[in-house]
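Q: Before we start, here is the structure in question, set down as structure tokens.
The values are calculated or read from the model by the stated rules, or taken from the named source; none is laboratory data. Bear in mind that the values here come from a model prediction, so they are computed numbers and not experimental data. Quick reminder, even Gly has a Cβ in these numbers, built from the backbone with ideal geometry, and neighbours come from all protein chains shown.
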Amino acid sequence: MSVIRSGNSTTDKSPWPTDMNLPNPIGKQVEERRATSRYNLVLLVEIRVTPNMAAAGTVLAETQDMSAQGFYFNIAQKFTVGTQFEFSFTLPIDITGAIQVNISGKARAVRVEEAGESQSGWSGVGAIIESYQVSRGDSVKP
């Protein structure tokens, strides 16, 4: 199941901090600096860290939001800024219309946030997409 909400709402409360709900040092909201619109889209994404692909295998993570240039996801392992990885996810039919769309590619972590004590060992990762491929599944007939 997926959840999608367009725009950058600051009223949605999430256990994972984002640029839009973190106060700056004097307590004001941080100004939006993204070049493209973000969409609150929750999907399972497969992550494979590039240098250790054979050893680590695939790790499942959950996206929090996506744009045409990147995405933010939560993962139960340590990540560092600069980590390159491969990803793949499927956009479900309820988002695309009548066809399932598979997207895979390469990305790089540009921001990493450690989760609070209640979710120890988890990281929130902001990634920029460096390359991707799109494949389409069969259409669904009504």
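Q: Within the range 76-126, work out how many residues are in a loop (DSSP other than H, G, I, E, B) and surrounded by 15 or more Cβ atoms within 10 Å (Cβ to Cβ). Write out each step before concluding.
A: The first filter runs over the range 76-126 and keeps only residues in a loop (DSSP other than H, G, I, E, B), leaving 76-83, 92, 97-98, 115-116, 120-122.
After this cut, where a residue has to be surrounded by 15 or more Cβ atoms within 10 Å (Cβ to Cβ) as well, the list is 79, 83, 115, 122.
Total satisfying the criteria: 4.
Q: Run ALA56 past the list (1) among the small types (Gly, Ala, Ser); (2) modelled with pLDDT under 95; (3) surrounded by fewer than 13 Cβ atoms within 10 Å (Cβ to Cβ) and report the number of the one that doesn't hold.
A: Failed condition: (3).
Q: Here's another thing I want to ask about it. Does VAL112 meet the test of being aliphatic (A, V, I, L, M), in contact (Cβ under 8 Å) with a residue 12 or more places away in the chain and closer than 18 Å to LEU41 by Cβ?
A: On the way: aliphatic (A, V, I, L, M): yes; in contact (Cβ under 8 Å) with a residue 12 or more places away in the chain: yes; closer than 18 Å to LEU41 by Cβ: no.
Taking the combined requirement at face value, the residue does not satisfy it.
Q: Inspect the range 127-138 for any residue being crowded, with 17+ Cβ neighbours inside 10 Å, part of a strand (DSSP E or B) and in contact with a Phe, Trp or Tyr (Cβ under 9 Å, 6 or more places away or on another chain) and give the result as yes or no. If you could, list the steps in order and put the result at the bottom.
A: Filtering the range 127-138 for residues crowded, with 17+ Cβ neighbours inside 10 Å gives 127, 129.
Subsequent filtering for residues that are part of a strand (DSSP E or B) retains 127, 129.
Checking which are in contact with a Phe, Trp or Tyr (Cβ under 9 Å, 6 or more places away or on another chain) leaves us with 127, 129.
Scanning the range 127-138 turns up at least one residue that is crowded, with 17+ Cβ neighbours inside 10 Å, part of a strand (DSSP E or B) and in contact with a Phe, Trp or Tyr (Cβ under 9 Å, 6 or more places away or on another chain).
Q: Hey, another quick one. Among the residues of the range 122-142, which ones are of a type in the set (Val, Ile, Thr) and either farther than 16 Å from PHE71 by Cβ or modelled with pLDDT under 90 (or both)?
A: Start the filter on the range 122-142 by keeping residues that are of a type in the set (Val, Ile, Thr), which leaves 125, 128-129, 134, 140.
The one that is of a type in the set (Val, Ile, Thr) and either farther than 16 Å from PHE71 by Cβ or modelled with pLDDT under 90 (or both): VAL140.
One line per residue, one yes/no per condition, for (1) in contact with a Cys (Cβ under 7 Å, 6 or more places away or on another chain); (2) among the hydrophobic types (A, V, I, L, M, F, W, C); (3) modelled with pLDDT under 90:
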{"position": "ASN40", "(1), (2), (3)": "no, no, yes"}
{"position": "LEU44", "(1), (2), (3)": "no, yes, no"}
{"position": "LEU60", "(1), (2), (3)": "no, yes, no"}
{"position": "THR63", "(1), (2), (3)": "no, no, no"}
{"position": "ASN74", "(1), (2), (3)": "no, no, no"}
{"position": "SER88", "(1), (2), (3)": "no, no, no"}
